[in-house]
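Have a look at the structure below, then the notes.
The values are calculated or read from the model by the stated rules, or taken from the named source; none is laboratory data. Predicted model only: the values in this text are computed from it and were never measured. Glycine gets a Cβ as well: all are built from the backbone with ideal geometry, and neighbour counts include every protein chain shown.
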Amino acid sequence: MIKPYTKDADYSYVEGFFPTFELLKQHPEALMMVYFSEDAADSFGYKKISALVPPEKIIFSKNVFDRLASKDNDHVIGVFRKYQDELNPTLPHVVLVNPSDQGNLGNIMRSMLAFGFKDLALILPSADRFNPKTLRASMGAFFALRIQTFESFAAYEEKYPRPYYPFMLDEKAKGLKEAEKPSGAYSLVFGNEATGLDKSFKNDRTVFIEQSSEVDSLNLSTAVVIALYAFSRLK
């Protein structure tokens, strides 16, 4: 019987029909089991999923939902083995340095997919990308991304050398409106929610998101979505 998630477990799980469909579509090889509540027996979602999953991997269990489900209206839980990705070296990357909030991390994943970015580097320590709270916030986007972790930004740079744009609270830096996208692969780099990026990241491509003086900073996921929107439209 599946147990509540822990970071050390070799599996995780996602709640809801749509995220479970995304799991089946993007990473069917990682699927371990699909649990349904009894209320889902006649649903369209059950029929669709059961057509894709071997019968021996489908279980109806009230006990599982009593222990694991975070909402009463979720009727399916997809359990999967944790897996590792490598980033595409020819495409742009989003790099998050020590992100700490699971909700922010999941929202950033969703925003990345919305604007066509599919490669995410996480510099450790980091919020757990496999935590069900992160997966819920991503709304299934997690499974469509390539996500790789690194012990340090230097380790990331060694693996994927390319120009990078650090986003910092530096009014002397270029504003986002002045940013110029390079012709090849590049990375957008963001610090964590509390401290941002330190001065060692500063370079001649450092970007400052123009904002009013009435707030001291933007939420991390808000800053990332603004950057993704802007860079997705640069020529």
Residue among LEU87, LEU113, LEU105 that is at pLDDT 95 or above, under 30 Å from GLY184 (Cα atoms) and not assigned by TED's automatic domain parsing to the domain that holds ALA227: LEU87
Is it the case that ASN107 is surrounded by 13 or more Cβ atoms within 10 Å (Cβ to Cβ), of a type in the set (S, T, N, Q) and under 19 Å from ARG162 (Cα atoms)? no
Every residue in region 194-227 that is at pLDDT below 90 and charged (D, E, K, R), please. GLU210, GLU214, ASP216
Taking region 196-208 and keeping only residues that are over 16 Å from GLU180 (Cβ atoms) and surrounded by 11 or more Cβ atoms within 10 Å (Cβ to Cβ), one is left with GLY196, LEU197, ASP198, PHE201, LYS202
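Pick from ARG67, ARG81: which is at pLDDT below 95, over 16 Å from THR149 (Cβ atoms) and surrounded by fewer than 17 Cβ atoms within 10 Å (Cβ to Cβ)?
Answer to the check: ARG67.
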Candidate set: region 1-56, residues that are closer than 22 Å to ALA144 by Cβ and basic (Lys, Arg); chosen: the one modelled with the lowest pLDDT: LYS48
Regarding region 64-76, can at least one residue be identified that is of a type in the set (Lys, Arg), farther than 30 Å from LEU120 by Cα and either in contact (Cβ under 8 Å) with a residue 24 or more places away in the chain or not assigned by TED's automatic domain parsing to the domain that holds GLY106 (or both)? yes
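Picking from GLU193, GLU157, which residue would you name as being of a type in the set (D, E, K, R), within 21 Å of GLY106 (Cβ to Cβ) and within 22 Å of the chain's Cα centre (by Cα)?
Selected residue: GLU193, the only one of GLU193, GLU157 that is of a type in the set (D, E, K, R), within 21 Å of GLY106 (Cβ to Cβ) and within 22 Å of the chain's Cα centre (by Cα).
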From the list LEU169, LEU135, LEU176, LEU120, pick out the single residue that is within 30 Å of ARG67 (Cα to Cα), among the aliphatic types (A, V, I, L, M), touching a strand residue (DSSP E or B) at 6+ places or on another chain (Cβ under 7 Å) and in contact (Cβ under 8 Å) with a residue 12 or more places away in the chain. LEU135
